[in-house]
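The values are calculated or read from the model by the stated rules, or taken from the named source; none is laboratory data. No experiment lies behind these values; they were computed from the predicted model shown. Every residue, glycine as well, gets a Cβ built from its backbone with ideal geometry; the counts of neighbours run over all protein chains shown.
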Amino acid sequence: MTTTKLDDADALRVLRTLEDHRSSVRLRAALTAGTTPDPRFVDKLVERSAVEPDFFVRDMLTWALTRHPVSATLPGLVREVRSERARARSQALHTLSKIGDRRAWPAITPALLSDADDEVARSAWRAAVVLVPEGDEPELAELLVTQLGRGERETQLSLSRALVALGEAVVPALRAVATAADPPVRAHALATERLLLDPDTGFGYAIEEAKRVVALAGAPVEDDEERGKRAGG
């Protein structure tokens, strides 16, 4: 199969329209950049991904980057995961997860896995479970469980999905924090283990059930004398 190669004028037009103020025009430009891969597009695709406000355009930029050789895209994406801009870090991590080349694994640092920005952290978790080298899953699980109990439902669900994706390797790490002093951490650990054992369980049900278990475990226990007094009025 042959790939159409754009001439210089058409390539320059794509690069220019990736900056257009209209999202529909940027979307078409990103589609063209992926349909007709060209080394001249890579830097601009990475650069635009870092600032693109439109979700659908960002998704197309990621797709376009996956259509280019990894040797061309990896250096720029790895550079962006160290950016001071949260969107740049998040989108670069998302793209690395889609490319799936494990040479990017060293870029997934503990700092990214615990990034203060929830979207960056979620992207890092997803990328980590895709890129982790075989045999390093338990070590990754130990890093991920430090984030249990973090954030709102969407963030907690993302972390649970990442842990479940690692399979049985996460069980020791989950059980190590199942007795943590912080009730939300314990509940999140129990819910995640429930999802691992029964993937058909909904996260909402699993987390609420885990909260009940944690609450009951923390309730005061009456001895026989106290129960007798209460029953006798």
Report task. Go through segment 193-208 and give me each residue that's touching a helix residue (DSSP H, G or I) at 6+ places or on another chain (Cβ under 7 Å) and part of a helix (DSSP H, G or I). Result -> Glu193, Arg194, Leu195, Leu196, Phe203, Ala206, Ile207
Report summary line: Of those in segment 165-190 that are closer than 24 Å to Ser90 by Cβ and crowded, with 19+ Cβ neighbours inside 10 Å, the residue modelled with the lowest pLDDT is His188
Query raised in the report: Which of the residues spanning segment 116-132 are in a helix (DSSP H, G or I) and either among the aliphatic types (A, V, I, L, M) or at positive phi (or both)?
Result: Val120, Ala121, Ala124, Ala127, Ala128, Val129, Val130, Leu131
Requested in this report: Filter segment 126-155 down to the residues that are touching a Phe, Trp or Tyr at 6+ places or on another chain (Cβ under 7 Å) and buried (at least 17 other Cβ atoms within 10 Å of the Cβ), then identify the one that is farthest from Ala107 (Cα to Cα).
Outcome: Leu144
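At least 2 residues that are closer than 20 Å to Ile99 by Cα and of a type outside the set (Val, Ile, Thr) in each: list the helices (runs of 4 or more DSSP H) lying fully within segment 1-55 that qualify.
Fully inside segment 1-55 and qualifying: 23-35, 39-49.
Yes or no, residue by residue, for (1) closer than 18 Å to Arg40 by Cβ; (2) without any contact (Cβ under 8 Å) to a residue 12 or more places away in the chain; (3) crowded, with 16+ Cβ neighbours inside 10 Å:
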site: Thr62; (1), (2), (3): no, no, yes
site: Ser71; (1), (2), (3): yes, yes, no
site: Glu84; (1), (2), (3): no, yes, no
site: Arg87; (1), (2), (3): no, no, yes
site: Gln91; (1), (2), (3): no, no, yes
site: Ser97; (1), (2), (3): no, no, yes
site: Asp101; (1), (2), (3): no, no, no
Query raised in the report: Which members of segment 19-36 meet the condition of being within 21 Å of Ser71 (Cβ to Cβ) and either free of Cβ contacts under 8 Å to residues at least 24 places away in the same chain or surrounded by fewer than 20 Cβ atoms within 10 Å (Cβ to Cβ) (or both)?
Result: Gly34, Thr35, Thr36
Requested in this report: Could you look through segment 99-113, keep only residues that are closer than 10 Å to Leu131 by Cα and not in a helix (DSSP H, G or I), and pick out the one that is nearest to the chain's Cα centre (by Cα)?
Outcome: Ile108
Requested in this report: Please specify each residue of segment 18-55 satisfying the condition of being touching a Leu at 6+ places or on another chain (Cβ under 6 Å) and among the aromatic types (Phe, Trp, Tyr).
Outcome: none
Query raised in the report: Going by the structure shown, is Phe41 surrounded by fewer than 17 Cβ atoms within 10 Å (Cβ to Cβ) and of a type in the set (Phe, Trp, Tyr)?
Result: no
Query raised in the report: Of the numbered conditions (1) touching a helix residue (DSSP H, G or I) at 6+ places or on another chain (Cβ under 9 Å); (2) assigned to a helix (DSSP H, G or I); (3) not charged (D, E, K, R), His68 satisfies every one except a single condition; which is it?
Result: (2)
